[in-house]
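Structure first, commentary second.
Read the figures in this text as sums done on the coordinates, not as results from a lab. Note that the coordinates shown come from a computational prediction; the quantities given were computed from them, not determined experimentally. For neighbour counting, all protein chains shown are included, and Cβ atoms are generated from backbone atoms with ideal geometry for every residue, glycine included.
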Amino acid sequence: MEISEFELKIQSYVDGELAPREMLELEEALKGSVEGRETLAALVMVKRTLQENEPIALLETPRELYWSGIERQILGLEKESAPAPKVQTETLWSQIWRRIAPVSAAALVIAVLMIVFTHPEALRDPSISNQNLSMAGENSSLLKEPESYQARIEEASETAVSSEEFSTFEYTASGMTVVWLEHKN
Amino acid sequence: MRPDYASMDDAELAATAQGGDMRSFEELVARHRDKIFARAYSMCRNEEEAVDLSQEAWVRSWKKLAQFQGDSSFSTWMTRITINLCLDHLRKKKRRIFESIEKMNEESGGVERLIPLVDENPTAGLENSELRSRIDQALEELSEAHRAVIVMHEFEEMEYREIAKKLDCSIGTIMSRLFYARKKLAVLLVKYKQEEGL
């Protein structure tokens with residue numbers, strides 16, 4: 001079915017969408033058209049009936065339940081849109097350190113163990129140390145001043161660090177520090 | 001001290017809600033939830049969907065609250081959001097809301113070619129509740145495309161141009177749809193009257 005331009009004009013007239021001049025022209029045209037007047041009457045009837053009697057659907061969901069659904073979504077959205085916590089970026093130095101630290105620690109432990117097991121008496125008996133040192137030559141300052149060296153040895157401190165199987169000692173003398181491990185058994 | 005939300009008007013509540021006060025927004029929801037639900041229902045004709053859509057419309061309005069400048073009433077602004085959401089929903093469901101004029105012509109049927117004579121108003125003598133029930137029944141029988149135009153034009157009093165913009169089609173198409181929808185409603189209301197007289 002084609003809708004005529006005349007019918008659409010009648011509808012525009014009912015909806016107040018015509019310019020004043022067009023309204024006058026249409027009113028003149030309707031005077032001579034029974035069908036046009038019937039269309040006008042039907043459109044007016046429907047428009048008024050709808051506008052004055054809009055069916056209102058009732059919301060049966062309880063107020064609290066309805067609101068809680070909305071609130072939950074809003075809070076969810078706000079949580080999503082909250083700025084993400086700053087991720088600490090690792091510096092180049094810390095990256096390198098993180099990789100070499102275990103290796104360095106292992107190398108240090110091995111070095112200490114090698115010293116302990118290859119020359120344990122040298123570390124513990126100053127007289128042996130003196131013998132070894134005497135081989136270093138007659139000009140050694142330590143040999144030239146044995147008493148002074150011995151005194152410093154005596155002043156050296158030994159500090160035990162607790163451990164179940166090993167005792168760890170720190171030996172300080174002549175401005176140097178030696179650390180060794182001693183098995184308790 | 002807690003504000004007396006019940007004594008505040010919509011504009012005041014909206015302004016407070018714009019500042020992040022969710023209790024103000026809750027009061028707005030309480031005031032307008034029935035209308036918003038009813039509008040969603042008039043568009044989609046499904047109660048469950050209408051509840052979901054109306055709640056979603058409130059969430060959307062919370063997000064857009066900063067855009068509310070008070071040019072229109074809060075109720076009108078909120079209803080527009082609801083209509084947009086319902087149209088999006090209908091588009092997504094591909095319920096043929098934008099079917100062609102030719103398709104709608106077929107729906108109209110040959111026997112309904114002429115607008116019925118309304119010598120006697122088919123709604124005369126009916127109580128409001130009964131009349132509303134008949135209108136509701138008639139709206140149910142419209143296609144979604146026709147019903148959407150009727151809701152926007154007759155209930156929301158939107159102009160042709162505004163509806164065309166929302167539906168992304170020409171003003172001529174809107175006028176045609178509106179004419180068909182009104183014609184069908186007129187036919188249905190007369191038919192209900194005649195069935196009552198039998």
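Ranking B:Thr173, B:Thr76 by Cβ neighbours within 10 Å, fewest first, what do you get?
Values: B:Thr173 19, B:Thr76 12.
Sorted ascending by nearby Cβ count, the order is B:Thr76, B:Thr173.
Please arrange B:Ile135, A:Ile74 by how many other C-beta atoms lie within 10 Å of their C-beta, fewest to most. Before the final figure, lay out the partial values.
On the way: B:Ile135 22, A:Ile74 16.
In increasing order of surrounding Cβ atoms, one gets A:Ile74, B:Ile135.
If one puts a single equal scatterer on every Cα of the range B:1-54 and applies the Debye formula without solvent, what log₁₀ I(q)/I(0) results at q = 0.17, 0.28, 0.30, 0.31 Å⁻¹?
For the range B:1-54 at q = 0.17, 0.28, 0.30, 0.31 Å⁻¹, log10 I(q)/I(0) is -0.59, -0.95, -1.03, -1.08.
For each of B:Ile174, A:Ile56, count neighbouring Cβ atoms within 10 Å of the residue's Cβ, then give the residues from fewest to most.
A:Ile56, B:Ile174
Treating the beta-carbon of each Lys and Arg as +1 and of each Asp and Glu as -1, no other charges, what is the dipole magnitude of the range A:1-83 about its Cα centre, to the nearest 20 debye? List each step's numbers first, then the result.
Numbers: 9 positive and 18 negative charges, 53 e Å.
It works out to roughly 260 debye.
Determine the equivalent ellipsoid of the range A:1-87 by diagonalising the alpha-carbon gyration tensor, then write out the semi-axes as square roots of 5 times the eigenvalues, largest first, rounded to whole Å. Don't skip to the answer; put the middle values down first.
Numbers: eigenvalues 556, 81, 21 Å².
They are 53, 20, 10 Å, listed largest first.
For the range B:32-47, take each phi angle, set θ = phi - 60°, evaluate the Karplus expression 6.51 cos²θ - 1.76 cosθ + 1.60, and give the result in whole Hz per residue in order, putting x for glycine and proline.
Along the range B:32-47, the couplings run 10, 4, 5, 5, 5, 4, 4, 5, 4, 5, 5, 7, 9, 6, 9, 4 Hz.
What percent do you get for the relative contact order of the range A:1-120 when only Cα pairs under 8 Å and 6+ apart count? If you can, show how the numbers build up before the last one.
Numbers: 20 pairs, mean separation 20.6, N = 120.
For the range A:1-120, the relative contact order is 17 percent.
Determine the alpha carbon to alpha carbon distance for each of A:Lys31/B:Lys184; A:Lys47/B:Lys183; B:Lys92/B:Lys183; B:Lys35/B:Lys92; A:Lys47/B:Lys92; A:Lys47/B:Lys191 and list only those over 21 Å. Display every interim value, and only then the final one.
Values: A:Lys31/B:Lys184 25 Å; A:Lys47/B:Lys183 11 Å; B:Lys92/B:Lys183 28 Å; B:Lys35/B:Lys92 24 Å; A:Lys47/B:Lys92 30 Å; A:Lys47/B:Lys191 17 Å.
Those over the limit are A:Lys31/B:Lys184; B:Lys92/B:Lys183; B:Lys35/B:Lys92; A:Lys47/B:Lys92.
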